[in-house]
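Remarks on the structure that follows.
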Amino acid sequence: MCTKFSRPKIALVGGGNIGGVLSQLAALKELGDVVMFDIVEDLPQGKQLDIVEASRVDGFDVMLTGSNDYACLEGADIVIVTAGLPRKPGMSRDDLLTTNANIIKVVAENIGKYCPEAHVIVISNPLDAMVTLLQEVSGLPAERVYGQAGVLDSSRFATFIAWELGVSVKDVNAMVLGGHGDTMVPLVRYANVNGVPVMEQLVKKYGSEAKAQEVMTAMVERTKAAGGEVVALLKKGSAFYSPASSAIQMAEAVLRDQKRVLAVCAKLSGQYGVNGYYVGVPVVLGKGGVERIIEVDLNAEEQKMFDVSVNSVKGLVEDLKRLSFLK
Ligand code: TXD
């Protein structure tokens, strides 16, 4: 049975590794009541019961339920989608395309049927292609369907910078644009520690432009490969704590109308010279969803990297068309 509560309703489609952490974080922040859907019988019910039974200890006052029936999505204010398979060592995100497209298509149909007024945050990989598919099949407007990748990729970049400079990660601002793949674009020129450019600090630290550049390039490359680094260590499955935290930051921005400026996989309509494709860009995220897309001035080199990234997203979308998932 699915109960409709008066608090915001958060629906999680997928009750695996990321789904579990999403539920616990949403509860700890009291963002709303959480219903978790999964096709595996009893799994979402069991996970939700486990998390909610700590409510007295953690002091959260929300309800968590699990279901194997898509009807539980009814009335959701926000849906976070993690359904699908994660990568195994040696796999690229794109290797998941057909398998996860089959799953996302069904998820999208049910979102369109049961909660067409909801916001949807897609996490399933290959991210840019799955968001595109979910939006087209569900029929929800683009400003309410977006993907999580950039918040995590930016956080990874910021973490490496903080470690390198020996400063609090809280003072590091770093952003990663483009698709969620090997072609993502960490914005080196804009990375700063409380306003002071990171490159400037690296040059001071190492006393040479060349060495500073070498250190920065290593951080950029580690950021691009960070998902794979975790996959290789875990052996089974991919990162799940950090993607969950990142999506919860987005959900909070929407539910509490925070107007956060976050790197989000959003549908562009001419910005950055791109029309009709989902790509990671900074947006203002609030109760209207993607309320505004922020256009960062890119120099020729950055624009070139961004275009390469957009082309890889276009390639995945073409594949989805070829496989008849998209029109
Ligand atoms: O930043 C990002 N966007 C990501 C994305 C970072 C890391 C991992 N990312 C991707 O998220 C990953 O490549 C996967 O595609 C998803 C979910 O990762 P998770 O680690 O949570 O995978 P699990 O633990 O395998 O959970 C997936 C759940 C599992 O419980 C399945 O039973 C369920 O999805 N599943 C379904 N749910 C609903 N409907 C259908 N058809 C279905 N099929 C499987």
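The values are calculated or read from the model by the stated rules, or taken from the named source; none is laboratory data. Keep in mind it's a predicted model, so treat the numbers as computed, not measured. Here Cβ is always computed from backbone atoms with ideal geometry, including for glycine, and neighbour counts include all displayed protein chains. When the accessible area is computed, the model is the full protein with side chains, heavy atoms only, and any ligands, DNA or RNA have been set aside. Shrake-Rupley method; radii C 1.70, N 1.55, O 1.52, S 1.80 Å.
Per-structure values
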read-out	value
Apportionment of accessible area to carbon and sulfur, the chain, percent (1.4 Å)	52
Choice from Val151, Val167, Val185 showing the highest fluctuation, given a GNM over the chain with Cα pairs closer than 10 Å	Val167
Expected-Rg normalisation [2.2 N^0.38 Å, Cα atoms] applied to the stretch 261-312	1.11
Mean-position separation - Cα centroids, the stretch 260-327 and the stretch 143-174, in angstrom	19
Net dipole in debye of the chain [+1 Lys, Arg Cβ; -1 Asp, Glu Cβ; about Cα centre; nearest 20]	160
Span per principal axis, largest first, for the Cα atoms of the stretch 150-323 (Å)	50, 40, 37
Amide hydrogen neighbours beyond the local backbone of Val79, cut-off 5 Å, H modeled	Ala11, His119, Val120, Ile121
Rounded if a/c under 1.5, otherwise prolate or oblate - the chain, Cα gyration tensor axes	prolate
Candidate lysines - alpha carbon under 26 Å from Lys314, same-chain residues fewer than 8 apart omitted	Lys88, Lys105, Lys224, Lys267, Lys304, Lys327
Cα long-axis angle, helix 17-28 against the chain (0 to 90 degrees, to the nearest 10)	80
Cα long-axis angle, helix 209-224 against the chain (0 to 90 degrees, to the nearest 10)	20
Amide H within-cut-off set for Asp257, under 5 Å, with H built and near neighbours excluded	Lys287
Sparse-neighbour loop sites [GluC sites (Glu not before Pro); the stretch 84-154; at most 15 other C-beta within 10 Å; DSSP]	Glu117
Nearest-ten-degree value, helix 43-52 long axis tilted from longest Cα axis of the chain	80
The chain, accessible area per residue, ligands and nucleic acids excluded (1.4 Å, Å²)	44
Helix-only CD estimate at 222 nm, as mean residue ellipticity for the chain, using -39500 (n - 2.57) per DSSP H run (n ≥ 4)	-14000 deg cm²/dmol
Trypsin sites (Lys or Arg not before Pro) restricted to the stretch 222-296 and DSSP loop, no more than 11 other C-beta within 10 Å	Lys235, Lys236
Viscosity 0.890 mPa s, 25 °C: Kirkwood-radius Stokes-Einstein D of the stretch 37-167 over Cα pairs, µm²/s	148
Max mean-square fluctuation residue, GNM over the chain, Cα-Cα springs under 10 Å, options Val283, Val13, Val230	Val230
